[in-house]
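Okay, structure first, notes after.
The values are calculated or read from the model by the stated rules, or taken from the named source; none is laboratory data. Everything quoted here is computed from the prediction, not taken from an experiment. For neighbour counting, all protein chains shown are included, and Cβ atoms are generated from backbone atoms with ideal geometry for every residue, glycine included. Just so you know, the surface numbers come from the protein's heavy atoms only, side chains and all, with ligands and any DNA or RNA stripped out. Shrake-Rupley method; radii C 1.70, N 1.55, O 1.52, S 1.80 Å.
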Amino acid sequence: MKTEVTMDQLVSLCKRRGFVYQSSEIYGGLSGAWDYGPLGVELKNRIRDCWWKEMTQLQDNIVGLDAAIMMHPKVWEASGHVDNFSDPMVDCRQCKNRFRADQVDLASPCPECGGKGTFTEPREFNLMFSTHLGAVKNDSSIVYLRPETAQGIFVNFKNVMQTSRVKIPFGIAQIGKAFRNEVTTKSFIFRTCEFEQLEMQFFVKPGDEDQWFSYWKESRNAYYKRLGIREDFLRYSDHGPDELAHYAKVACDIEYRFPIGWQEIEGIHSRTDFDLSRHQEYSGKDLNYLDPDTKERFVPYVVETSAGLTRTVLMVLADAYEEETLKDGEKRTVMHFHPSVAPVTAAVLPLVKKDGLDELASSIERDLREHFPTFYDKAGAIGRRYRRMDEIGTPFCITIDYQTKDDQTVTLRFRDTMEQVRVPVGELAARINEEIRAYARM
Ligand code: GAP
């Protein structure tokens, strides 16, 4: 049984090992924004690439897109975000702090200053950030930073349809930044004002949406299990009628048991023809699909899968973390990352940095770079170097010792079991790739 990780332990490891830093830390930090350090950006990019492979390359009928963050302001009127994308907020008249109305008890004292009866009436607070495009600042120059990547897909539906020879059912996938002026941002990278989304809109024939909704719900949950996430830390949570977003007919979250409790990692939404119909109405452009076989014309229905990339990073970190007590009583912190997302796949370590072992190790590391992310470390006792690699989740350590000079074999050490085997240098890359494949298909 793994010990439960706390958010403080994760924040501390992320800072110590260069996964995640507070944004603008030397100026005291900026709430709701975080920076990804050398290992964090590798982890995030690898998780992103796994999703892209899963949702485009391994699919028959899903194509990719990368739309601009800033879009025509009419997009957000049509999508309903200008009118509906808001949270009811209350302010404390005494300390001026603002809270989501559903997260405080209006009859209780203010959680910040303890003031009694100090809350204002709830007011709707739109979560979109706005700015001005061009030199003139007036109402007609307002643009929004997109609060979801999905709308970039909807407004390109016609372009993709006309240029990609896709036939319904088909999907368009996109990865990108999204921005929301979140008031509660205290849970590390869980909820931030700037974050990344992994979204896919699947266009189907009206009437087929329930079947595709079930399909994507299961498919996305299976994906997380293949990513190595513990099964008993994943669950579905169906939205009740009063929880549905303004665009959704049916919705289900995939939740993970974070250190702060069960929380959404991904939403599967049945969006009907809401978005395409609204864009058709607001743009005046025909967004119907003409079925080449039946000659029927219709506005497709949409089933969306929408996950947070940065939130997935937090889930992967939380799920991987373990503080182990070894047989000899020694403690080790180990991150059990799936080898497909670990920031470093293999570390190459010369036993000592003399007698030519360091040069030999360095040349082996250079060869392996072609195959997967590697790291070369010759500083400190070998035991300490193993611990450093365990703590950043490196699944394989390769040690070059005096025997290597004699028989061209090295020690291959496995992070999770700490077992060691000897492998010929020439077979290393193939052996490690075989081990990765055996882990689980990703
Ligand atoms: N297009 C639909 C949509 O955006 P959502 O449930 O609002 O749906 C989808 O967001 C996913 O985006 C969430 O499951 C979560 O993983 C991520 N997400 C949303 N807001 C976030 C925030 N403020 N910080 C980090 N991730 C966020």
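A few points about this structure:
- Only listed residue being within 21 Å of Glu42 (Cβ to Cβ) and touching a Lys or Arg at 6+ places or on another chain (Cβ under 6 Å), chosen from Asp416, Asp367, Asp377: Asp377
- If the condition is being touching a Ser or Thr at 6+ places or on another chain (Cβ under 8 Å) and within 12 Å of the ligand (Cβ to nearest atom), then segment 259-292 contributes Glu264, Ile265, Glu266, Gly267, Ile268, His269, Asp275.
- The listed residues are Gly37, Gly32, and the only one of them that is within 18 Å of the chain's Cα centre (by Cα), open to solvent by less than 30 Å² (accessible area, probe 1.4 Å) and at pLDDT 95 or above turns out to be Gly37.
- Number of positions in segment 236-253 that are free of Cβ contacts under 8 Å to residues at least 60 places away in the same chain and in contact with a Lys or Arg (Cβ under 8 Å, 6 or more places away or on another chain): 4
- Unique match (being out of contact with any strand residue (DSSP E or B) (no Cβ under 9 Å at 6 or more places or on another chain), modelled with pLDDT of 90 or more and within 16 Å of the ligand (Cβ to nearest atom)) among Gly176, Gly80: Gly80
- Condition check for Glu243 on (1) open to solvent by 50 Å² or more (accessible area, probe 1.4 Å); (2) away from the ligand (no atom under 12 Å from the Cβ): one failure, at (2).
- Among residues of segment 8-29 being more than 16 Å from the chain's Cα centre (by Cα) and among the aromatic types (Phe, Trp, Tyr), the one that is farthest from Glu391 (Cα to Cα) is Tyr27.
- Segment 390-431, residues that are within 20 Å of Ala320 (Cα to Cα) and either in contact (Cβ under 8 Å) with a residue 60 or more places away in the chain or not in a strand (DSSP E or B) (or both): Asp390, Glu391, Ile392, Gly393, Thr394, Pro395, Arg415, Asp416, Thr417, Met418, Glu419
- Check on Met7, crowded, with 19+ Cβ neighbours inside 10 Å and within 16 Å of the ligand (Cβ to nearest atom): no
- Top-ranked residue in segment 116-146 [being surrounded by 15 or more Cβ atoms within 10 Å (Cβ to Cβ) and assigned to a loop (DSSP other than H, G, I, E, B); ranked as nearest to the chain's Cα centre (by Cα)]: Arg146
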